[in-house]
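S.K.: A single structure is presented below for examination.
Computed from the coordinates by the stated procedures, all read-outs in this text should not be read as laboratory data. No experiment lies behind these values; they were computed from the predicted model shown. Cβ coordinates were reconstructed from backbone atoms using ideal geometry, including for glycine residues, and neighbour counts include every protein chain displayed.
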């Protein structure tokens, strides 16, 4: 489930749940947390390198199938799972020793929440990032709303409403990755990285030394989204209301509209509102709000139905609670997010 190796001055932590694309279940979350405690107490370790044993995925997110099955079998409230996950996210964000993350393959949901505060986030041409929670009757959680709310509005709404993917170069352009390298360079890079002598260096000096090395491996990758794509995103998702966005997408991009059609309307509304409310929240406040939103999605929304249809039974047509925007409980959603 997790591998830990001490490589000179580095703790090399590898997520090792490849058959589940390293989806975060309770055991893996606990293993990471305990591992970080060991690393913190080891004076020999000056930095952490976090990756996966599989090139297919860094981490595909939280194990929502495991959550669903426990809910169905025992009626267990899923909130304690998310509380545990979010405590780990906060811990990673404030970890005293620098953390480097290798985003090979899929990096979604909880995998991004775990790592987005790390000072060095490395992507390659295989990297695919997304927050596809709307189809699951949820919203982008793990504090990712904090990062969305700092992005250009149209791009943030495009990604969060449709769950569309970005690649390594897109991630670099958006600030979700700090560096890009070639997928053929990982072995040489890691060899040089673990050979660095970091003894006696401050945190800032450690980071500078690692960044200098990354400069030797930096690779200019092609983006998934062309300038024409970005212009179209501005046109479609720059509309003033969620209704206008959906109408524009329906008229001009049938494939993209299908992504919106397959999502929970309640989730889309929460995502849309959360972008503006989130501009005033810290990362920690965003994580705290995400717990309230998840609880609402579980008790009042479409979370259970979304997970069942997309991840468990894999049926095409979920029975979501709301069929039109006008029928949504807009006042309740504003109150939930802190409005009046």
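S.K.: On alpha carbon coordinates alone, what is the Rg over Rh value for region 1-130, Rh being the Kirkwood radius?
M.R.: Reported Rg/Rh, Kirkwood definition of Rh: 0.97.
S.K.: How much length is gained if the chain between residue 291 and residue 30 is pulled fully straight, taking 0.36 nm per residue apart and subtracting their Cα-Cα distance, in nm to one decimal?
M.R.: Using 0.36 nm per residue and subtracting the Cα-Cα distance, I get 92.1 nm.
S.K.: Need one number: nm distance between label points at residue 321 and residue 205, each 7 Å from Cα along Cα→Cβ, rounded to one decimal.
M.R.: 5.7 nm
S.K.: Moving on to the next point. Return the Rg/Rh value of region 227-336, two decimal places, where both radii are evaluated on C-alpha atoms and Rh is the Kirkwood radius.
M.R.: 0.98
S.K.: Now, a different point. Taking the Cβ-Cβ separation of residue 334 and residue 235 as r and a Förster radius of 35 Å, what is the calculated FRET efficiency to the nearest 0.05?
M.R.: Efficiency computed from Cβ-Cβ geometry: 0.80.
S.K.: Just to confirm the number: angle between the C-alpha axis of helix 265-277 and the first principal axis of the chain, 0 to 90 degrees, nearest 10?
M.R.: Once rounded, the angle reads 60 degrees.
S.K.: Quick one: helix 283-299 against the long Cα principal axis of the chain, what's the angle to the nearest 10°, folded into 0 to 90?
M.R.: The two axes meet at around 40 degrees.
S.K.: Given that compact globular proteins tend to follow 2.2 N^0.38 Å, what is the ratio of the alpha-carbon Rg of region 146-263 to that value?
M.R.: Cα-based Rg divided by the globular estimate yields 1.43.
S.K.: Taking one equal scatterer on every alpha-carbon of the chain, how large is log10 of I(q)/I(0) by Debye at q = 0.10, 0.11, 0.14 1/Å?
M.R.: Here log10 of I(q) over I(0) equals -0.59, -0.72, -1.14.
S.K.: So, one more: As I understand it, the value is the acute angle between the Cα axis of helix 64-74 and the longest principal axis of the Cα atoms of the chain; what does it come to in degrees, rounded to 10?
M.R.: Here the helix axis deviates by roughly 60 degrees.
S.K.: Sum -39500 (n - 2.57) across every DSSP H segment of at least 4 residues in the chain, then divide by the residue count to get the 222 nm mean residue ellipticity, nearest 500.
M.R.: -14500 deg cm²/dmol
S.K.: Additional query: How much length is gained if the chain between residue 222 and residue 195 is pulled fully straight, taking 0.36 nm per residue apart and subtracting their Cα-Cα distance, in nm to one decimal?
M.R.: Length gained, residue 222 through residue 195: 6.7 nm.
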